[in-house]
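Below is one structure, written out as structure tokens; comments come after it.
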Amino acid sequence: MNLSAAQRRTLSWLALALIALALLWLLAPVLTPFLIGAVMAYALHPTVERLAAKGVPRVVAVALVEVVVIVALLALLLLIVPILSKELPLLREQIPLLADRLNTQLTPWLSQFGIHVALDTDSIKAFVLKYLSDNFEDWLVRAMSSARIGGSIVLALIGNAVLVPVVLFYLLIDWPEPVRRVHELVPPRLRPTVKGFLDECDAVLGQYLRGQLLVMLILAGFYSLGLALFGFDLAVPVGVFTGLAVFIPYLGFGIGLALALLAGVLQFASWYGVIAVAVVYGIGQVIEGFYLTPRLVGERIGLKPLVVIFALLAFGHLLGFAGVLVALPVSAVMVVAVRRLRGMYLASRLYSA
């Protein structure tokens, strides 16, 4: 069967796309810091270009932008400090009391259903006194002595924390050059088409980033206000951290939820704190999942709510955390490609025949 030149070009591009996806899948375990750096560089390079256009040396512009980003991320992480500094002493005091309360209230209730469970409160108290009374150095030595934590997780976190800023710096420094080289690789006859496609992708991704930022700010205000209405002392740091951390799907919300539950249980020492967190975070998840993300992010990039959910699950399954991170941006580019293919199909002889 003889193929036309257009068909051969199409098959060549499809083959290149499949090869790129295969490499992405195979290298997913080591790609996370590079993907994070690339996403951040794409989001930050317009600011660098504006500073450079005003006469600021490019190295200085990149350094200024990266320092501001690092300070902002550190400020987000430091929101946890007042939570831990206030809650850890309470945790040491309240856990034995909570264990006694659960033993006296939960055990009789469960026995009505034939479930006989009793907490070993003496062991719980001994565990609390042993571990929560340690200072920071003892915690660090114990963590590093663990083969799993000390050998892999801690090293991976430290490696990513060092590698991401380095990758981001070099990408921002060299950003115009790789863009120019990629542009030169495109055949001259295809450059107007490719440029139009990339411009549309750039507009869609810009809308995605703006929509995601708006979702984060709205959720930060919602969680802070919701927890404050229920009387939480740490409503603002917990709420702001949860709202801003939702940029990392699932993980950010999970950490915020855990901090809120810890604060509620220790402050109120009753089911009130747990119920309050369940109400606030349950409503927050419903608002985010069914309204904010689909409308402010999904609709801005042309993705329906079900497609957003499927993209997160599919990319997360294929590529792990790196896949979750790039799911919506990649899906946005795919939406632009599908629009173009649909237009080509409707204008083709195959459709009109």
Q. For the pair Ser348 and Gln112, how long in nm is the line joining their label points, each one 7 Å along Cα→Cβ?
A. 6.6 nm
Q: Please compute the net charge surrounding Gly37, taking Lys and Arg as +1 and Asp and Glu as -1 over other residues with Cβ under 14 Å from its Cβ.
A: -2
Q: Could you order peptides 258-270, 274-286 by the average number of other Cβ atoms within 10 Å of their residues, highest first?
A: 258-270, 274-286
Q: Quote the FRET efficiency, to the nearest 0.05, computed for Tyr272 versus Ile309 with a Förster distance R0 of 35 Å and r equal to the Cβ-Cβ distance.
A: 0.60
Q | Ratio of Rg to Rh over region 187-353 (Cα coordinates, Kirkwood Rh, two decimals) | A | 1.14
Q | Estimated FRET transfer efficiency (Val30, Val162; beta-carbon r; R0 22 Å; 0.05) | A | 0.95
Q.
Give me the dipole magnitude in Debye, nearest 20, for region 187-353 about the Cα centre, with unit charges on the beta carbon: positive for Lys and Arg, negative for Asp and Glu.
A. 940 debye
**Q.** Table column - 3J(HN,Hα) (Hz), region 234-241, Karplus curve with 6.51, -1.76, 1.60, x for Gly and Pro
**A.** 9, 4, 5, x, 5, x, 5, 4
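Bear in mind that the values in this text are calculations on the coordinates, not laboratory data. Model, not experiment: these values are computed from the prediction. When we count neighbours, we look across all protein chains shown, and the Cβ atoms used for this are built from the backbone with ideal geometry, even at glycine.
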